[in-house]
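These notes are about the structure you will find just below.
The values are calculated or read from the model by the stated rules, or taken from the named source; none is laboratory data. None of these values were measured; they are calculated from a predicted model. Neighbour counts run over all protein chains shown; Cβ positions are idealised from the backbone, glycine included. With ligands, DNA and RNA removed, areas are computed over all heavy atoms of the protein, side chains included. Shrake-Rupley method; radii C 1.70, N 1.55, O 1.52, S 1.80 Å.
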Amino acid sequence: VQLVESGGGLVQAGDSLRLSCAASGSTFSINGVAWYRQAPGKQRELVARIRSGGGSANYADSVKGRFTTSRDNAKNTMYLQMNSLKPEDTAVYYCNAELTLYPAGLTYSYWGQGTQVTVSS
């Protein structure tokens, strides 16, 4: 099983980007999903999360009102829509998902490879 990210790039302040994270490789169900980011010299921080069982997403205060996370269960894909980007959003963004693998029924946490988002002022 692997998570493959796409959608990063270089944009100007105020622009938008959408990151995608597709899960593939086995028979599984997706539980909780999350997006993290890590800027140079800083610790990895949680950006957005949708917990197992669905419900509303939670966001870091720094991105509330600008970022939206969603998932398409039919496509086994999760998304992070980022609007009104700021230079301080520059970081490597990682998706993370808890997947239950079948037929064993065991749950594991998987990470995407990371995608660079650079916002110029």
(request) Determine how many Å³ per residue the convex hull of the Cα atoms of the chain encloses. (result) 94
(message) I want the local charge near F67. Using Cβ-Cβ distances under 12 Å, sum +1 for each Lys or Arg and -1 for each Asp or Glu among the other residues.
(response) +4
(request) Work out the length of the dipole vector of the chain about its Cα centre, built from +1 on the beta-carbon of each Lys and Arg and -1 on the beta-carbon of each Asp and Glu, and round it to the nearest 20 debye. (result) 120
(message) Within 14 Å, Cβ to Cβ, of R51, how many net charges do the neighbouring residues add up to if Lys/Arg are +1 and Asp/Glu are -1?
(response) +1
(request) Compute the distribution of all C-alpha to C-alpha distances in region 57-99, in bins of 5 Å from 0, and list the percent of pairs in each, rounded to whole numbers. (result) 5, 16, 31, 24, 14, 8, 2
(request) For Y102 paired with S70, estimate the spin-label separation in nm (one decimal), with each label point 7 Å from Cα along the Cα-to-Cβ line. (result) 2.6
(message) Using a 1.4 Å probe on the protein heavy atoms only, what accessible surface does R18 show? Give it in Å² to the nearest 10.
(response) 130
(request) Based on a Kirkwood Rh over C-alpha pairs, give the Stokes-Einstein translational diffusion coefficient of region 7-76 at 20 °C and viscosity 1.002 mPa s in µm²/s. (result) 153
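Which order do the peptides 66-73, 90-97 take when ranked by the mean count of other beta-carbon atoms within 10 Å per residue, highest first?
Listed from highest to lowest mean packing, they are 90-97, 66-73.
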(request) Compute, for E98, the solvent-accessible surface of its heavy atoms (probe 1.4 Å) with the complete set of protein chains present, and express it in square angstrom to the nearest 10. (result) 80
(message) With a 1.4 Å probe and all protein chains left in place, how much accessible area per residue does the chain have, in Å²?
(response) 53
(request) Report, to the nearest whole %, how much of the accessible area of region 13-71 belongs to carbon and sulfur atoms, 1.4 Å probe, protein only. (result) 44
(request) Return the aspartates and glutamates within reach of K86: Cα separation strictly under 16 angstrom, same-chain partners fewer than 8 residues apart disregarded; answer none if there are no such residues. (result) D15, D61
